[in-house]
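One structure is given below, encoded as structure tokens.
The values are calculated or read from the model by the stated rules, or taken from the named source; none is laboratory data. Remember, predicted model here, so these are calculated numbers, not experimental data. Methodologically, a virtual Cβ is constructed for each residue, glycine included, from the backbone with ideal geometry; neighbour enumeration extends over all protein chains shown. For the accessible areas, the whole protein counts, side chains as well, though only heavy atoms, and no ligand, DNA or RNA atoms are used. Shrake-Rupley method; radii C 1.70, N 1.55, O 1.52, S 1.80 Å.
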Amino acid sequence: EHRWDSREHMVRESRQDRELGACPRESLSFHSLFTTLTIAREPRSKHRAKDGAVGTGQGCASASSGAATATTALFDPGRDGQTPQAVVLVGAPGMGKTTMVRKVMVEWGEGALHTQFDFVFCIDCKAIVLPMEASVADLVSQCCPGMRVPPGKILDNQKKILFIFDGFEALGFSLVQPEAELSSDPREVKPLELTLMSLLKKTVLPEASLLITMRPTALGSLRQCLKGENYMEILGFSAARRQEFFHRYFENPNKADIAFRFVRGNEILYSLCVIPVMSWTICTILEQELCQTKNLLECSKATTGMMMSYLSQLLKHRDRDNPQVLQEFLLQLCFLAAEGIWKHKVLFEEKEIKDCGLDQSGLLPLFLNERIPREGEDHERVYTFTHLHLQEFFAAMFYVLEDDGETVSRLGRLEKDVNKLLESYNKSRKDLNITVRFLFGLVSQKSIEYMDKTIGCRISPRAREELLAWLQGRHRGLSHPGRALKVSEMDTFHFLFEMNDKSFAQSALGHFTDLDLQDTKLTLYDQMALSFCIQHWAGLGSVTLRGCSFHWQDPEAELDVSVPCALVVRQREELPCPIHLLCRALRHRDSALQVLRLQWCRLSESCCAELAALLAEHPGLAQLELADSSLGDSGVRLLCEGLRTPGCRLRILR
């Protein structure tokens, strides 16, 4: 989320005489970054949002674009024709609730909401200090201390007033208050809980409107207080909006293209970008990488690193005085995630949450959503992780998070058996792929240090030896007796790239001599993983990539009519040749490469310059196969230049 200097109030006394809580520069900055969010207008029951985002509403409707975006539609009449007086905007942490409030305030200040509201009073429940006793008039005065219009005069025209409570659950008081003690007079001083409850229950200012933002886990008790309310849920960014956000974040369109292409090539990161704060976290990290290396092809941050940065964002405001409490909570959360992954389970009942000791109001809402039941449905609470990949990340953490042994034995039968996880994945449970990938990433030395220093929890490195033995053993089993030992599974390269440890990669690959992949669509992320491994594979003598295709961007992106033609042309012009990363990796100093087979890879003449450089610089390369390629005359001429160089020792060209 883009945050500006916090203000607790913005009031407009007339269209000509505005008192805005943000300067024009801030308003422009906000407008430049704001990206339309997808909002569901009806509660969801059994369905999950696309991309693995486990939402809580039903019936996803994308907010409209243009000058009057979703904010002006929040108080539109419902299906029954009635205009809601209370709108509850629900969303998991990082989904953009506060951003939507900012958008409401900015658009109101600019006049977009003038016909609906003359006065808007915004209370940031997470930051504002409220008195123990107050009247509604006192709250108005405290929100707007410099106001020139008396509170009494403002409150006379109730229909033109909007009260916003951002982060309502942070107020932390009981919503069960005696009806007889509620107030009907906006000037009557009462305990704060009663005054706010009077607003919610409409005993005071019954015609005023309310906008409440909150996390799903706090919904249960609020439902019983409100009348005539509409529930909406923020589901994050649609596919098109993810790309738009990257272009808004990076001022330089070239950097935006490179960063989005990098993420689009990594299906896990791209899926997670449905969460706005995850998109922001990834953009921030990639911006730093671009400043340091000028090239994302050198990016050292794998998927696990991005996830840990996101976790750090979620936890940055928590109390760090007692790290043991967090360690214990995370272990219990990870147990729940792992048990769910083993049982193909994404919905958890309230009893399971309590049995795991997760019913802690300060931590639970950061990781789990409460599902909103449909009208007339049983109101028993059911919880989900914000995103399926987050559940897979915490499931991987279960196996490596240090504990005293008592917590796991108390929770249930699930053992922290890394070998069982790996063998199950190897034999039949291919759905465990992402969990295993995160497992490799978590036991890298960088991850262990980051989790300890930044987040305050301890990762055990003991699983490294088990992971190494498993990688070496699985490929020996796949190789035929008496033949060269080869690696023929793309996931091995993902796992090693995720760990990003040169010595570990050397140990894992040191016994193998051949790389053999068939009919594989290699995304940019795949090629980066492959390139990393090849550079640290001293004994690699033969590379066979039959029928493989090399992709630097999503082919569907070229069909997107919303992308200007000039932009598509520029992207194509700036892309390196498809085999650039492969050839660069094969030219590394210690390469033992002798055979390179690229049959049926549909290579074009743009690849020939890279191949010619490889021929010239790699005296060990003896055999090159390029069957079924469209090299063209100019491409073959480039190859011939490479063949004529003194360093070329090629013996067979097919």
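Summary of computed values
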{"quantity": "Residues of the range 526-543 classified as open to solvent by 10 Å² or more (accessible area, probe 1.4 Å) and part of a strand (DSSP E or B), total", "calculated": "1"}
{"quantity": "Identity of the residue in the range 182-212, within 24 Å of S361 (Cβ to Cβ) and touching a Phe, Trp or Tyr at 6+ places or on another chain (Cβ under 7 Å), that ends up most open to solvent (accessible area, probe 1.4 Å)", "calculated": "E193"}
{"quantity": "Candidate set: the range 319-329, residues that are open to solvent by 10 Å² or more (accessible area, probe 1.4 Å) and over 10 Å from I455 (Cβ atoms); chosen: the one modelled with the highest pLDDT", "calculated": "E328"}
{"quantity": "Filter result (assigned to a loop (DSSP other than H, G, I, E, B) and buried (at least 18 other Cβ atoms within 10 Å of the Cβ)) within the range 156-171", "calculated": "G167"}
{"quantity": "Condition check for T293: at pLDDT 85 or above and open to solvent by 10 Å² or more (accessible area, probe 1.4 Å)", "calculated": "no"}
{"quantity": "Which numbered condition D355 misses (of (1) acidic (D, E); (2) within 18 Å of T454 (Cβ to Cβ); (3) at pLDDT 85 or above)", "calculated": "(2)"}
{"quantity": "Lone unmet requirement of (1) open to solvent by 60 Å² or more (accessible area, probe 1.4 Å); (2) at pLDDT below 90; (3) more than 29 Å from the chain's Cα centre (by Cα) for S503", "calculated": "(2)"}
{"quantity": "Candidate set: the range 172-181, residues that are within 18 Å of R223 (Cβ to Cβ) and touching a helix residue (DSSP H, G or I) at 6+ places or on another chain (Cβ under 9 Å); chosen: the one least open to solvent (accessible area, probe 1.4 Å)", "calculated": "L175"}
{"quantity": "Any hit, the range 392-400, residues being of a type in the set (D, E), surrounded by fewer than 24 Cβ atoms within 10 Å (Cβ to Cβ), modelled with pLDDT of 80 or more and within 30 Å of Y425 (Cβ to Cβ)", "calculated": "no"}
{"quantity": "Only listed residue being open to solvent by less than 10 Å² (accessible area, probe 1.4 Å), in the same structural domain as L311 (by the TED database), in a helix (DSSP H, G or I) and among the hydroxyl-bearing types (S, T, Y), chosen from S424, S447", "calculated": "S447"}
{"quantity": "Any helices (runs of 4 or more DSSP H) falling wholly within the range 552-654 and containing at least 1 residues that are hydrophobic (A, V, I, L, M, F, W, C) and at pLDDT 85 or above", "calculated": "580-586, 608-617, 632-644"}
{"quantity": "Qualifying residue in the range 376-386 (condition: modelled with pLDDT of 85 or more, of a type in the set (S, T, N, Q) and over 19 Å from the mean Cα position of the chain (by Cα))", "calculated": "no"}
{"quantity": "Test result for C299, open to solvent by 50 Å² or more (accessible area, probe 1.4 Å) and at pLDDT below 90", "calculated": "no"}
